[in-house]
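The values are calculated or read from the model by the stated rules, or taken from the named source; none is laboratory data. These figures come from a predicted structure and were not determined experimentally. Note that we place each Cβ from the backbone using ideal geometry, even for glycine, and neighbour counts take in every protein chain shown.
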């Protein structure tokens, strides 16, 4: 954690120096997560930290880079450490009517020291295309991810629709995940899940409350909103959570989140929960 904080402070200082001489935007985000496994036969807890950088030379496009390090405490085996890296690029295409299309590409790499891992070294591409009408009161998106693991290759198609409700006080986002597996995992070749997120703008541009829930099943999913590859060969049976996002004078933001996820591994009869709490802070120049 100390190394992440030092890197975060150095990047803030460097970005501030460049921001004084350029019109581009540069943002830095870091967070710390603690998770507890409940009733798991294999795992006890997880501590993870991440740092994300975003550089936008113009309003039309930008680059992103994320480093995510984790340590999983196991009950009968040595702890597992991992480093996931995310490199992304997105671009906005605006036509004469004011409507615009956003294209985004992500490369996600998984690295860990687990000798039983099916995902170590995997590189996962994710591509998405979204349509934004001129009034900005709705969004429609389609996404594709391919996760080439040792035991199977997971191909995921996601569809998302979002709408502004109640005089723009609430933003409702619904996403569907359809995942096909080249070889069966947990005795399944395909999974289907629905996710609903509600954003309530308690104080516009300052305080936002988010509630979300996942229904159905996912195996080896790539979560677009979190930028996370779920690389455990367990079936995710649903989840729910809430988060708070508070912005301080348009310069710095703080973020806190609580999430509970439910899993089942049919091969060993392991049904368990994971409860996470996250705290993050970001700044923009």
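Find the residue count for region 218-258, including only residues that are within 25 Å of residue 114 (Cα to Cα), at pLDDT 95 or above and more than 17 Å from the chain's Cα centre (by Cα). Residues that pass the stated criteria total 3. Residues of region 71-89 that are surrounded by 18 or more Cβ atoms within 10 Å (Cβ to Cβ) and closer than 20 Å to residue 29 by Cβ: 82, 84, 86, 88. Against the conditions (1) assigned to a strand (DSSP E or B); (2) crowded, with 17+ Cβ neighbours inside 10 Å, residue 220 satisfies every one except (1).
Cβ separations smaller than 9 Å between residues 6+ apart or across chains give the following pairs from region 190-218 residues that are on the phi > 0 side of the Ramachandran plot to residues that are assigned to a loop (DSSP other than H, G, I, E, B): 205/250. Number of residues in region 229-285 that are without any contact (Cβ under 8 Å) to a residue 24 or more places away in the chain and within 23 Å of residue 153 (Cα to Cα) equals 1. Scanning region 98-141 for residues that are surrounded by 13 or more Cβ atoms within 10 Å (Cβ to Cβ) and part of a loop (DSSP other than H, G, I, E, B) yields 99, 114, 117, 118, 119, 120, 122, 133, 137. Do we find that residue 204 is over 14 Å from the mean Cα position of the chain (by Cα) and within 22 Å of residue 27 (Cα to Cα) in this structure? So residue 204 fits the description; yes.
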